[in-house]
Amino acid sequence: MAGIVVEVNPATVRIVSREGHYTERISALSEAALDRVAARVLAEITSSMQEEKHGRPGPFRTRSAPGEAPAVQTGNLIESMEAWAPRTGVRRIGSKRHVEYALYLEFGTQRMAPRPFLRPAAEVAKRFLREELKKQHSTLGR
């Protein structure tokens, strides 16, 4: 498994990492709805990294301030982000290849405050899932 990912399946949204996981229960969704949610969450992650940052000047551009999504410095992390389906009913959004510092950015270290990008994406995923559930239920009610 990659270092840290957002996992979306018909029952839960959770952040999965070596440090444990964060979970919220969600009702069942179709495969197409899960694909739409995964695409929107991936877009949210990458756009949060590309937003203007308010930290110290860096060698390439301004660094992120504590609490902001990481700034794009080399492009390694943002280019590693993708959405995939490891099995039916599950979507993962994150880095399939191991980008070791992703975990440090997400949760911080003793010397660096967190620059979360997956935890906010998990919150967005819950909102997108609820929207998809409403669409799906309104379609079934017709």
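Here are a few things to note about the model shown:
- Selected residue [under 22 Å from ALA38 (Cβ atoms) and of a type in the set (Asp, Glu)] from GLU52, GLU100, GLU82: GLU82
- Every condition in (1) outside any helix (DSSP H, G or I); (2) surrounded by 13 or more Cβ atoms within 10 Å (Cβ to Cβ); (3) at pLDDT below 90 is met by LEU34 except one, and the failing one is (1).
- Matching helices (runs of 4 or more DSSP H) fully within region 70-142 where at least 2 residues are loosely packed, with under 14 Cβ neighbours inside 10 Å: 76-80, 118-140
- Residue satisfying all of: in region 87-108; under 14 Å from VAL8 (Cβ atoms) and within 16 Å of the chain's Cα centre (by Cα); modelled with the lowest pLDDT among these: VAL90
The values are calculated or read from the model by the stated rules, or taken from the named source; none is laboratory data. Owing to the predicted nature of the structure, the values given are computational and were not obtained by experimental measurement. So basically every Cβ, Gly included, is an ideal-geometry build from the backbone, and we count neighbours across all protein chains shown.
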